[in-house]
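Visitor: Provided herewith is a single structure, encoded as structure tokens, for subsequent inquiry.
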Amino acid sequence: MKKVYGSAEEALDGLLFDGMLIAAGGFGLCGIPELLIDAIVKAGTRDLTVASNNAGVDGFGLGKLLDTRQIKKMMSSYVGENAEFMRQYLSGELELEFNPQGTLAERMRAGGCGIPGFYTKTGVGTVVAEGKEHHDFDGETYILERGIVADLSIVKAWKADDTGNLVFRKTARNFNPPAAMCGKICVAEVEEIVPRGQLDGDHIHLPGIYVHRLIQGDHEKRIEQRTVRKREEA
Amino acid sequence: MPWDRNQMAERAAQELEDGMYVNLGIGIPTLVANYVGDKDITLQSENGMLGMGPFPFEGDEDPDLINAGKQTITELNRTAYFDSAQSFGMIRGGKIAAAILGAMEVAENGDLANWMIPGKLVKGMGGAMDLVAGVGRVIVVMDHTNKHGESKVLKQCTLPLTGTGVVDRIITNLGVLDVVPGGLKIVECAPGVTEDDLRAATEATIV
């Protein structure tokens, strides 16, 4: 079992094709697979559909793939903070499928768990429910949402062992586990790969069964909204 | 004098009870955290955290530790982290006692619109649709009127909805209103605001 690759380009070799569906982890710019995104920009793969809560910001994260027009469609819950995204969407160059955030997360989780669809109250009576099957359970109305199975998942974790067991750090976990689970193939980038035996099996957040390829690299980890308080307020 | 942003947040904080797990939205709702006082409140951030702390001191910002508004924050000694699917599992599953959210429009039947203005502003619903569908109590905090002086408390929402019949209580700069059968009921007026002032600024039916 060889999961560790030398670079993002090597780890993605043979996995990319035009028109594919990619699930990406991250929330805002927190916990995004920035190295794998850069490698996809370099590979030039086109007509991508990307399932990701956000679309990065102008010039960083998935925003880079928008700048190069490699993305045909986004499946997201929130796209503020990205002028190029807004421009492409309003001009009709980019398709956008709005998903409530929890529905998107559950669609990924379900897809990875062999659950093709599930009912949720989220979005009932809104545009999100249009065209979807409605069903009443115990006097409440729910809509049917489909699980997502992606051609490729790209995720970011803090640490991994060489078998692909992943540990995340703080709120950088976010969409990474469900995104990883829903991919036919999952490539993870981490800050540190340690030999097997170095991670406590009780502290693994995502078992290596979900992770097929792995790279270690340096991350910029850009902060989107730097908010602080002054020390004297303590 | 109508309430200012901080006074609205202070009033909203009175809605919270000891032991509650609560989700605060972006904007004025975020300020509610400054007014919980001695109450034992656990704040949920839907990007995957229970037990959200205040903003970090300068120099202590951690790019791996942000709230749902993408702002840098801190953890507490009670903090727990989890992924987005579990986060919305607890929201959808009714485990969160209350959400305090901003709004563009609220209607007298409890309909809420707060995620887009067609043709103008496309931001997305984020977690708002899940929150209003799942949490125990939905409290809206917003200005009573828009910048043109038009009521945001309406008979019917005109913008795309976030949820139908989901709002329990509305706190504005002018006062507090509850969604009840047949319309809205005035609970409280801001200091110096009369019930007549409140009615005049409200398009919705007041019962």
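The values are calculated or read from the model by the stated rules, or taken from the named source; none is laboratory data. Note that the coordinates shown come from a computational prediction; the quantities given were computed from them, not determined experimentally. Virtual Cβ from ideal backbone geometry, glycine too; neighbours counted across all protein chains shown.
Visitor: For region A:126-147, which residues satisfy the criterion of being surrounded by 18 or more Cβ atoms within 10 Å (Cβ to Cβ), more than 7 Å from every other protein chain (Cβ to nearest Cβ), outside any loop (DSSP other than H, G, I, E, B) and not charged (D, E, K, R)?
Guide: The initial filter retains those residues of region A:126-147 that are surrounded by 18 or more Cβ atoms within 10 Å (Cβ to Cβ), namely A:126, A:128-129, A:142-143, A:145, A:147.
Applying the additional criterion that residues be more than 7 Å from every other protein chain (Cβ to nearest Cβ) yields A:129, A:142-143, A:145, A:147.
Narrowing further to those that are outside any loop (DSSP other than H, G, I, E, B): A:129, A:142-143, A:145.
Result: A:Ala129, A:Tyr142, A:Ile143.
Visitor: Another question, if that's okay. Given the residues B:Gly48, B:Gly25, B:Gly89, which is the only one that is surrounded by 17 or more Cβ atoms within 10 Å (Cβ to Cβ), out of contact with any Phe, Trp or Tyr (no Cβ under 7 Å at 6 or more places or on another chain) and either within 12 Å of chain A (Cβ to nearest Cβ) or among the acidic types (Asp, Glu) (or both)?
Guide: B:Gly89
Visitor: With the structure loaded, tell me whether A:Ile215 is surrounded by 14 or more Cβ atoms within 10 Å (Cβ to Cβ), in contact with a helix residue (DSSP H, G or I) (Cβ under 7 Å, 6 or more places away or on another chain), away from chain B (no Cβ under 14 Å) and modelled with pLDDT of 95 or more or whether it fails that test.
Guide: Spelling it out, A:Ile215 is indeed surrounded by 14 or more Cβ atoms within 10 Å (Cβ to Cβ), in contact with a helix residue (DSSP H, G or I) (Cβ under 7 Å, 6 or more places away or on another chain), away from chain B (no Cβ under 14 Å) and modelled with pLDDT of 95 or more.
Visitor: Give region A:148-174 a look and list any residue that's assigned to a loop (DSSP other than H, G, I, E, B) and among the acidic types (Asp, Glu), or say none. Reasoning before the result, please.
Guide: At the first step, the residues of region A:148-174 found to be assigned to a loop (DSSP other than H, G, I, E, B) are A:148-149, A:151, A:162-165, A:168-169, A:173-174.
Selection gives A:Asp151, A:Asp162.
Visitor: Continuing with the same structure: Determine the pairs where a residue that is more than 15 Å from B:Phe88 (Cβ to Cβ) and without any contact (Cβ under 8 Å) to a residue 24 or more places away in the chain, located within region A:111-135, has a partner that is acidic (Asp, Glu) and part of a loop (DSSP other than H, G, I, E, B) with Cβ atoms under 9 Å apart, the partner being 6 or more residues away or on another chain.
Guide: From residues that are more than 15 Å from B:Phe88 (Cβ to Cβ) and without any contact (Cβ under 8 Å) to a residue 24 or more places away in the chain, the pairs are A:Gly125/B:Asp111.
Visitor: Any chance region B:54-71 includes a residue that's closer than 24 Å to A:Ala105 by Cβ, small (Gly, Ala, Ser), touching a residue at least 12 places away in the same chain (Cβ under 8 Å) and in contact with an Asp or Glu (Cβ under 6 Å, 6 or more places away or on another chain)?
Guide: Yes.
Visitor: Among the residues of region A:149-180, count how many are within 14 Å of chain B (Cβ to nearest Cβ), surrounded by fewer than 24 Cβ atoms within 10 Å (Cβ to Cβ) and of a type in the set (A, V, I, L, M, F, W, C).
Guide: Going through region A:149-180 one residue at a time, the tally reaches 2.
Visitor: Within region A:175-203, which residues are closer than 21 Å to A:Ala39 by Cβ and part of a loop (DSSP other than H, G, I, E, B)?
Guide: Selection gives A:Phe175, A:Cys182, A:Lys184, A:Ile185.
Visitor: Name every residue in region A:1-29 that is in contact with a Lys or Arg (Cβ under 7 Å, 6 or more places away or on another chain) and closer than 27 Å to A:Gln101 by Cα, in order of residue number.
Guide: A:Asp18, A:Gly25, A:Gly26, A:Gly28, A:Leu29
Visitor: Looking at the structure I just gave you, is A:Arg196 more than 17 Å from the chain's Cα centre (by Cα), surrounded by fewer than 19 Cβ atoms within 10 Å (Cβ to Cβ) and modelled with pLDDT under 95?
Guide: No; evaluated as a whole, the condition is false for this residue.
Visitor: Here's a follow-up. So which residues in region A:80-97 are of a type in the set (A, V, I, L, M, F, W, C), surrounded by fewer than 24 Cβ atoms within 10 Å (Cβ to Cβ) and in contact (Cβ under 8 Å) with a residue 12 or more places away in the chain, if there are any at all?
Guide: Within region A:80-97, the subset of a type in the set (A, V, I, L, M, F, W, C) is A:83, A:85-86, A:90, A:94, A:96.
Those still in the list that are surrounded by fewer than 24 Cβ atoms within 10 Å (Cβ to Cβ) too: A:83, A:86, A:90, A:94, A:96.
Scanning region A:80-97 gives A:Ala83, A:Leu94, A:Leu96.
Okay, residues lined up against (1) under 13 Å from the mean Cα position of the chain (by Cα); (2) at the interface with chain A (Cβ under 8 Å from one of its Cβ atoms); (3) on the phi > 0 side of the Ramachandran plot:
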site: B:Met52; (1), (2), (3): no, no, no
site: B:Phe57; (1), (2), (3): no, yes, no
site: B:Glu61; (1), (2), (3): no, yes, no
site: B:Leu76; (1), (2), (3): no, no, no
site: B:Gly93; (1), (2), (3): no, no, no
site: B:Glu105; (1), (2), (3): yes, no, no
site: B:Gly110; (1), (2), (3): no, no, yes
site: B:Pro118; (1), (2), (3): no, no, no
site: B:Ala133; (1), (2), (3): no, yes, no
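Visitor: On to the next question. Tally up the residues in region B:3-38 that are modelled with pLDDT of 95 or more and in a loop (DSSP other than H, G, I, E, B), please.
Guide: 9
Visitor: OK, next. Quick one: in region B:79-101, which of the residues that are touching a residue at least 12 places away in the same chain (Cβ under 8 Å) and assigned to a helix (DSSP H, G or I) is nearest to A:Thr122 (Cα to Cα)?
Guide: Here is the first cut: in region B:79-101, the residues touching a residue at least 12 places away in the same chain (Cβ under 8 Å) are B:79-84, B:86-88, B:90-101.
From the residues that got through so far, the ones that are assigned to a helix (DSSP H, G or I) too are B:84, B:86-88, B:90-92.
Working: B:Ser84: 15, B:Gln86: 15, B:Ser87: 14, B:Phe88: 10, B:Met90: 13, B:Ile91: 10, B:Arg92: 8 Å.
Only one residue tops the list, namely B:Arg92.
Visitor: While we're looking at this one, here's another question. Could you say whether any residue in region A:3-12 is within 12 Å of chain B (Cβ to nearest Cβ), at pLDDT 95 or above and not in a loop (DSSP other than H, G, I, E, B)?
Guide: No; the residues of region A:3-12 include none that is within 12 Å of chain B (Cβ to nearest Cβ), at pLDDT 95 or above and not in a loop (DSSP other than H, G, I, E, B).
Visitor: Select, from B:Leu198, B:Leu177, B:Leu112, B:Leu154, the only residue that is under 30 Å from A:Val57 (Cβ atoms) and either without any contact (Cβ under 8 Å) to a residue 40 or more places away in the chain or crowded, with 16+ Cβ neighbours inside 10 Å (or both).
Guide: Answer to the selection: B:Leu112.
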